[in-house]
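As structure tokens, the structure follows; a few thoughts come after it.
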């Protein structure tokens, strides 16, 4: 059984600023099963949920701050309002991955966030960039992270950034197994962080190998294009068509 396709909302942030409801309708009409929530301005979480739900779009996950400190209540209330069950930490300062000691401290913070998430019926995941995959003391930083992380903490593997860091994305996904239920799927040259990305199937990523590596552990394939030299909505539509026409993922159309 192939995993369903969602779109990370951040991909269409510029388009949303011009026509929020029209863009969401286009995403639904393309055939996407879900949206990975990102707090784009223009709608409250409650309004976003009503819009997505009315168009038949599921919200499996959301990129949110960690539910700690003065952000705790806001994050938990947002997750409840949109009905998402995967809370994903999207970013921390790269300096947190500079040394073994800083990585351990980061892992302990993630464990605290996970504890709050689990207490509130949520799953907590870490989204990576290239720096979490870069080597520190001879090993990729995320492997050091796993030495201290609670086994319940999950990973949202951004397969493109793993490639930029010089790793084999399929091997990373396979190695994490059931701890990687959410996969970010991108394409492009995969050389530098600043490079423009492309529609899926038009770059260097071996997407079939990545999907195969995830196997039955993959709950969602999430398309995300941080930036694109071509029209973003066209690239998103092409990405959907690529995944479904290749039998790699499940859409609604």
message: residue 208 - would you say it is assigned to a helix (DSSP H, G or I), surrounded by fewer than 23 Cβ atoms within 10 Å (Cβ to Cβ) and either over 14 Å from the mean Cα position of the chain (by Cα) or in contact (Cβ under 8 Å) with a residue 12 or more places away in the chain (or both)?
response: yes
message: Please determine whether any residue of the stretch 89-98 is crowded, with 21+ Cβ neighbours inside 10 Å and within 20 Å of residue 150 (Cα to Cα).
response: yes
message: Here is a list: 6, 40, 28. Which entry is within 21 Å of residue 85 (Cβ to Cβ) and modelled with pLDDT under 95?
response: 40
message: Looking at the stretch 217-253 only, could you name the residues that are touching a strand residue (DSSP E or B) at 6+ places or on another chain (Cβ under 8 Å), farther than 15 Å from residue 11 by Cβ and either at pLDDT below 95 or assigned to a loop (DSSP other than H, G, I, E, B) (or both)?
response: 218, 219, 248, 249, 251
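Table: residues versus (1) part of a loop (DSSP other than H, G, I, E, B); (2) surrounded by 20 or more Cβ atoms within 10 Å (Cβ to Cβ); (3) in contact with a helix residue (DSSP H, G or I) (Cβ under 7 Å, 6 or more places away or on another chain).
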{"position": "65", "(1), (2), (3)": "yes, no, yes"}
{"position": "73", "(1), (2), (3)": "no, no, no"}
{"position": "76", "(1), (2), (3)": "no, no, no"}
{"position": "80", "(1), (2), (3)": "no, no, no"}
{"position": "104", "(1), (2), (3)": "no, no, yes"}
{"position": "118", "(1), (2), (3)": "no, no, no"}
{"position": "121", "(1), (2), (3)": "yes, no, no"}
{"position": "124", "(1), (2), (3)": "no, yes, yes"}
{"position": "145", "(1), (2), (3)": "no, yes, yes"}
task: Sort through 178, 152 and tell me the only one that's outside any loop (DSSP other than H, G, I, E, B) and out of contact with any strand residue (DSSP E or B) (no Cβ under 7 Å at 6 or more places or on another chain).
output: 178
query: Which ones in the stretch 2-49 are touching a helix residue (DSSP H, G or I) at 6+ places or on another chain (Cβ under 9 Å), touching a residue at least 60 places away in the same chain (Cβ under 8 Å), at negative phi and in a loop (DSSP other than H, G, I, E, B)?
result: 2, 3, 32
- prompt: Can we say residue 214 is more than 20 Å from residue 19 (Cα to Cα) and in contact with a helix residue (DSSP H, G or I) (Cβ under 7 Å, 6 or more places away or on another chain)?
  reply: yes
- line: Considering the stretch 146-159, residues that are free of Cβ contacts under 8 Å to residues at least 60 places away in the same chain and under 22 Å from residue 185 (Cβ atoms), and then whichever is farthest from the chain's Cα centre (by Cα), we arrive at 153
field: Index of the failed condition, residue 195 passing every other in (1) more than 18 Å from the chain's Cα centre (by Cα); (2) closer than 27 Å to residue 79 by Cα
entry: (2)
query: If we scan the stretch 12-20, do we find a residue that is closer than 20 Å to residue 222 by Cα and under 16 Å from the mean Cα position of the chain (by Cα)?
result: yes
- prompt: Which ones in the stretch 182-204 are under 19 Å from residue 2 (Cα atoms), touching a strand residue (DSSP E or B) at 6+ places or on another chain (Cβ under 6 Å) and assigned to a loop (DSSP other than H, G, I, E, B)?
  reply: 186, 200
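The values are calculated or read from the model by the stated rules, or taken from the named source; none is laboratory data. Quick caveat, the model's predicted, so the values are computed rather than measured. Positions of Cβ are generated from backbone atoms using ideal geometry, with glycine treated the same way; all protein chains shown enter the neighbour counts.
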